[in-house]
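Pasting in a structure now, in structure tokens, and then I'll have a few things to ask.
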Amino acid sequence: MKNVVVHTSVTPGGQFVQSITGELDTKEVSQISKSDYTFKGKATGWMNKKEENFEAKIEEVLVQGNNIELRFKEFPKKYFYVTKWEAINQKNPAYSMYSDQVVQVETPIADDFETYEEDITYHLFVPQNKSKPLPIVLVFHGFSDTNNLLAYRTSTNWARQESQEKYPCIVMSPVIDDASYFDGNQRDQIYEKIYTHIQSMIQKGMVDEKRVYVMGNSFGGMATFEFSEKYPDFVSAALPLCPALNYSETVYKQVDQIANLPIWIAHAKNDNTIQSTYSQQMYDALLEKGANRVQLKIYSDEEMNAAGGSSNPNSTYSYHHVELAVMEDEAYAKWLFSQTK
């Protein structure tokens, strides 16, 4: 088997495999059934570097010429956590595929981002045929989710064609390592570098300085607040999701800096990773400072279940992942892109 390609997509829960294709040297392929295959692999997980075995069910096998396509309905692991896999054809080993044969992993939309490794590492999506300065959405990822384009839809959602047709924008997704995220001084230095890069894009005529939007989930929600407090005259609106405010020493102390900023906080009521009381506390603090453009959405268990959430804190889709609901609700996009300085 040669030219093995893994086809993935970023679903609401992250990057999962849709199909795997491979090419045989022979021009003729005998009849193949999905029951001929077994699929096994090894994968790590979030904050867990230990490999664990997993199996996946192949739903369909398609043959076109000497190309074989294995299709999956529900792949069990986010693909960037997968370290090794094998699709074994029990009847004809020549039709088997292995991870060490992969020549390419395709992930539509995420592949449209360019990666820059300068004073900071960041991914940038710029629409083609851009003719005027556009809004920019700055997206902070959660702790240890450095595969930020693949972990969830908070970045790629804005680059989808359907979204770009309604809300054309540039998307910037910084990559922040765990040590830097834990250190307030290092975070502050990263914010300064991000600010400088966006200012450069404004000066180049790429970004509309009146429409700089900031958002993020978990640690990224905390970063959203901290960045907005540091540059309140620069940010046009903020969308913090399940913000990990308990990890910031300064965020509650500087609330007055963002009292006039449009802010929409979202949190699951029974988030058992970051308690929703932190968001309620921030909301109340903003109201005490006279904020009249702040709102708070607390999602019930029923709403999180409907969005695909789980009460299991170790689940890929635990209640901590309020973005499951937020990124599929256009009300947030309408609100965000209606804000301007």
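The values are calculated or read from the model by the stated rules, or taken from the named source; none is laboratory data. From a predicted model like this one, the values you see are computed outputs, not experimental measurements. With ideal geometry, Cβ positions are generated from the backbone for all residues, glycine too; neighbour counts draw on all protein chains shown.
Do we have any residue at all in segment 148-157 that's closer than 28 Å to PHE225 by Cα, buried (at least 18 other Cβ atoms within 10 Å of the Cβ), without any contact (Cβ under 8 Å) to a residue 40 or more places away in the chain and not assigned by TED's automatic domain parsing to the domain that holds SER9?
Looking through segment 148-157, at least one residue is closer than 28 Å to PHE225 by Cα, buried (at least 18 other Cβ atoms within 10 Å of the Cβ), without any contact (Cβ under 8 Å) to a residue 40 or more places away in the chain and not assigned by TED's automatic domain parsing to the domain that holds SER9.
Residues that are closer than 24 Å to TRP158 by Cβ, outside any helix (DSSP H, G or I) and assigned by TED's automatic domain parsing to the domain that holds PHE219: does segment 279-286 have at least one?
No, because not a single residue in segment 279-286 is closer than 24 Å to TRP158 by Cβ, outside any helix (DSSP H, G or I) and assigned by TED's automatic domain parsing to the domain that holds PHE219.
Testing LEU24 on (1) surrounded by 16 or more Cβ atoms within 10 Å (Cβ to Cβ); (2) under 29 Å from ALA151 (Cα atoms), one condition comes back false. Which one is that?
Answer for LEU24: the failing condition is (2).
Within segment 97-119, how many residues turn out to be assigned to a loop (DSSP other than H, G, I, E, B), touching a strand residue (DSSP E or B) at 6+ places or on another chain (Cβ under 8 Å) and either surrounded by fewer than 18 Cβ atoms within 10 Å (Cβ to Cβ) or of a type in the set (Lys, Arg) (or both)?
Of the residues in segment 97-119, 1 are assigned to a loop (DSSP other than H, G, I, E, B), touching a strand residue (DSSP E or B) at 6+ places or on another chain (Cβ under 8 Å) and either surrounded by fewer than 18 Cβ atoms within 10 Å (Cβ to Cβ) or of a type in the set (Lys, Arg) (or both).
When you go through PHE219, PHE234, PHE225 one by one, which is the residue that is surrounded by 23 or more Cβ atoms within 10 Å (Cβ to Cβ) and more than 30 Å from SER9 (Cβ to Cβ)?
Checking each option against the conditions leaves just PHE225.
From PHE140, PHE125, which residue is hydrophobic (A, V, I, L, M, F, W, C) and crowded, with 24+ Cβ neighbours inside 10 Å?
Going through PHE140, PHE125 in turn, the sole match is PHE140.
Among the candidates PHE75, PHE54, PHE80, single out the residue that is assigned to a loop (DSSP other than H, G, I, E, B), assigned by TED's automatic domain parsing to the domain that holds VAL29 and either of a type in the set (Phe, Trp, Tyr) or under 30 Å from THR26 (Cα atoms) (or both).
The conditions single out PHE75.
So which residues in segment 210-248 are assigned to a strand (DSSP E or B) and closer than 13 Å to ALA266 by Cα?
Passing the criteria: MET215, GLY216, ASN217, ALA238, LEU239, PRO240, LEU241.
Moving on. Determine whether THR44 is over 22 Å from GLY308 (Cβ atoms) and modelled with pLDDT of 95 or more.
yes
Those residues that are of a type in the set (D, E, K, R), within 27 Å of ALA159 (Cβ to Cβ) and touching a residue at least 12 places away in the same chain (Cβ under 8 Å), I need them from segment 294-329; list them, please.
LYS297, GLU303, GLU323, GLU328
Still on this model: Can you name every residue in segment 20-51 that is over 15 Å from LYS78 (Cα atoms), in contact with a Lys or Arg (Cβ under 9 Å, 6 or more places away or on another chain) and not in a strand (DSSP E or B)?
Those that are over 15 Å from LYS78 (Cα atoms), in contact with a Lys or Arg (Cβ under 9 Å, 6 or more places away or on another chain) and not in a strand (DSSP E or B): LEU24, ASP25, SER30, ILE32, SER33, LYS34, ASP36.
So which of VAL61, VAL17, VAL10 ends up being at pLDDT 90 or above, of a type outside the set (Gly, Ala, Ser), part of a strand (DSSP E or B) and in contact with an Asp or Glu (Cβ under 8 Å, 6 or more places away or on another chain)?
Of VAL61, VAL17, VAL10, the one residue that is at pLDDT 90 or above, of a type outside the set (Gly, Ala, Ser), part of a strand (DSSP E or B) and in contact with an Asp or Glu (Cβ under 8 Å, 6 or more places away or on another chain) is VAL61.
Quick check: anything in segment 323-333 at positive phi and within 23 Å of the chain's Cα centre (by Cα)?
Scanning segment 323-333, I find no residue that is at positive phi and within 23 Å of the chain's Cα centre (by Cα), so the answer is no.
Go through the residues of segment 297-314 one by one and say whether even a single one is basic (Lys, Arg) and in a strand (DSSP E or B).
Within segment 297-314 (the criterion being basic (Lys, Arg) and in a strand (DSSP E or B)), the answer is yes, since at least one residue qualifies.
Further question on the same structure: Which residues, taken from segment 142-173, are of a type in the set (D, E, K, R) and not in a helix (DSSP H, G or I)?
ASP145, ARG153, ARG160
Further, regarding this structure: For the structure I just gave you, tell me whether GLU192 is acidic (Asp, Glu) and assigned to a helix (DSSP H, G or I).
Yes: the conditions hold for GLU192.
Could you please find all residues in segment 34-84 being within 18 Å of GLY22 (Cα to Cα), without any contact (Cβ under 8 Å) to a residue 40 or more places away in the chain and buried (at least 18 other Cβ atoms within 10 Å of the Cβ)?
ALA56, ILE58, VAL61
Between ILE265, ILE258, ILE298, which is under 22 Å from the mean Cα position of the chain (by Cα) and crowded, with 18+ Cβ neighbours inside 10 Å?
ILE265
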